[in-house]
Amino acid sequence: AERLHAAAHACPTRSVRPPGGRLDPARDPFPMALDDTGTVQLCGHNSPHTAGANSYLLRRPDGTSMMVDTPRWSPALAARNEAPGPVTDVLLTHRDHAAHGRRYADRFGARLWIHEGDLDAAPDADRVLRGTGPAEIAEGVVALPFPGHTRGSVLYLADERYCFSGDSFYWSRTTADIEVAESITWYSVRELAASLTRAAGRLRFEWLLPGHGDRRRLPPDDMAARIRRLAARTHALRPRPVDFKAVRW
């Protein structure tokens, strides 16, 4: 029953309904901790305006939080997500997930981040990431520009433990491995391969937290080896027409 209520409160089209048809706010589990530390919480309430993407709260040691991408917009959801502590930053992974960024940032009094490659999707961003080099944006939090899915895609890495990958790569149930959505690459699959190659020797994390697809926790050495193999596989790919039905979820 609890999983049903979680699915109902996450569904972007509200197609999942509990018995009786109405969502019960008292049964809303979000934001929902992903592990016992409570460092990362899944926001739920995925929005149709961000292609139904997942969003996350990243709790910091000083009691503040960062929001990575956003749930659907509502003042009530904003209040729920800032209840654990002030939200200082809204981190956008790329243009497809930018729809509610400004409204949440303004509500929280937070800084809105995006990469220059996707700046036209959030032209009033407070912080603009540039180039392809890593940038430490807070203690323990690094932004790694990752062009490929879009020109301005970004990974956000926290504490060498959590990787918020946006739509750059995800865990596939079909292949039981990390994959790129090669059939939904808006900018360049060759640039995506180059991004993976640049990052392959440097990425250290154990939690893969994507915008779409499955989340996964594995030992860091295992994740690093899978990223290296993914880089090699992606270099063999060639540009193809966008086809949403071809993704190996």
Equivalent ellipsoid semi-axes, the range 46-129, via Cα gyration tensor eigenvalues times 5, rooted, Å = 19, 15, 11
For the range 77-200, percent of DSSP beta bridges that are antiparallel (nearest 5) comes out at 70
Trypsin sites (Lys or Arg not before Pro) within the range 10-76: DSSP coil, no more than 14 neighbouring Cβ in 10 Å = 14, 22
Calculate the dipole size of the range 128-249 relative to its Cα centre from +1 charges on Lys and Arg beta carbons and -1 charges on Asp and Glu beta carbons; express the result in debye to the nearest 20.
-> 420
Per-residue ellipticity at 222 nm for the chain, helices alone: DSSP H runs ≥ 4 residues times -39500 (n - 2.57), over residue total, nearest 500 deg cm²/dmol?
-> -6500 deg cm²/dmol
In whole percent, the fraction of accessible protein surface over the range 182-224 that belongs to carbon or sulfur atoms, probe radius 1.4 Å, stands at 46
Within the range 1-147, what percent of beta bridges assigned by DSSP are antiparallel, to the nearest 5?
-> 55
For the range 182-234 and the range 51-73, distance of Cα centres in Å | 21
Provide, for q = 0.19 Å⁻¹, the log10 of I(q)/I(0) from a solvent-free Debye sum over equal Cα point scatterers in the range 95-214.
-> -1.08
Percent of alpha carbon pairs in the range 25-68 separated by more than 14 Å?
-> 52
Run the dipole for the chain about the Cα centre, Lys and Arg Cβ at +1, Asp and Glu Cβ at -1, nothing else charged, and hand back the magnitude in debye, nearest 20.
-> 680
Based on DSSP, what percent of beta bridges with both residues in the chain are antiparallel, to the nearest 5?
-> 65
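In the neighborhood of residue 236, defined by Cβ-to-Cβ distances under 13 Å, what is the net charge if each Lys or Arg adds +1 and each Asp or Glu adds -1?
+4
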What residue among 176, 51, 224 shows peak mean-square fluctuation when the chain is described by a Gaussian network model with Cα springs under 10 Å?
-> 176
Please state the equivalent ellipsoid semi-axes for the chain: what are the square roots of 5 times the Cα gyration tensor eigenvalues, largest first, in whole Å?
-> 27, 21, 18
Have a look at 8, 163, 57 and report the one farthest towards the positive end of the charge dipole of the chain, computed about the Cα centre with Cβ charges (Lys/Arg +1, Asp/Glu -1).
-> 8
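Restricting things to Cα coordinates, could you compute the convex hull volume per residue of the range 167-216 in Å³?
Numbers: hull volume 4.1 nm³, N = 50.
Cα convex hull per residue, to the nearest whole number: 82 Å³.
The values are calculated or read from the model by the stated rules, or taken from the named source; none is laboratory data. None of these values were measured; they are calculated from a predicted model. With ideal geometry, Cβ positions are generated from the backbone for all residues, glycine too; neighbour counts draw on all protein chains shown. With ligands, DNA and RNA removed, areas are computed over all heavy atoms of the protein, side chains included. Shrake-Rupley method; radii C 1.70, N 1.55, O 1.52, S 1.80 Å.
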